[in-house]
Amino acid sequence: MPAYISVKGKVLFAYFECYTYHKHDERSVEPAFKDIAKRYPANKVFIEMLAQKVIMGGSRSWGYPVMAAHPKLSMEEARIMVSYILSMKE
């Protein structure tokens, strides 16, 4: 993963307060980033699908919690965030 994606991903996570609901290693309100990375391969199809879900919000992929929509995110920003998440397998 290019370094700019990692840096921009971290900035976007802080700005949109994602760390309030997600943690790296353990489930909080929502699933841990490493669990998301284990479930979904880091390929174009899943990056697009998950980026759409980040923007539109969603539920029932991980049980009961509902992820809020983030309509202020551009598709490119959502792709960067998802790419960053999918790089966290360990």
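The values are calculated or read from the model by the stated rules, or taken from the named source; none is laboratory data. These numbers come from a predicted model, not from an experiment. For neighbour counting, all protein chains shown are included, and Cβ atoms are generated from backbone atoms with ideal geometry for every residue, glycine included. Each accessible area value is taken on the protein alone, full model and side chains, heavy atoms only, with ligands, DNA and RNA left out. Shrake-Rupley method; radii C 1.70, N 1.55, O 1.52, S 1.80 Å.
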| Ordering of 26-34, 79-87 by packing [mean C-beta count within 10 Å, highest first] | 79-87, 26-34
| query | In the set (1) 11.8, 34; (2) 19.2, 57; (3) 12.9, 34, which value of Rg and Dmax of the Cα atoms in Å was calculated from the structure you see? | reply | (1)
| query | What ³J(HN,Hα) values, in whole Hz, does the Karplus curve 6.51 cos²θ - 1.76 cosθ + 1.60 give for region 29-41 when θ = phi - 60°, with x put for Gly and Pro? | reply | 6, 10, x, 5, 4, 5, 5, 4, 4, 6, 6, 10, x
| query | What ranking of Arg60, Arg39 comes out by heavy-atom accessible area, probe 1.4 Å, highest first? | reply | Arg60, Arg39
| Three-way shape label, region 44-90, alpha-carbon gyration tensor, a/c 1.5 | oblate
| Could you give the dipole magnitude of the chain about its Cα centre, charging the beta-carbon of Lys and Arg +1 and that of Asp and Glu -1, in debye to the nearest 20? | 140 debye
| query | Of His22, His70, Ala37, which is farthest along the charge dipole of the chain in the positive direction, counting Lys and Arg as +1 and Asp and Glu as -1 at C-beta? | reply | Ala37
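Per DSSP helix of 4 or more residues, -39500 (n - 2.57); summed, then divided by the residues of the chain. What does that give at 222 nm, rounded to the nearest 500?
On the way: 4 runs with 45 residues, N = 90.
Value at 222 nm, helices only: -15000 deg cm²/dmol.
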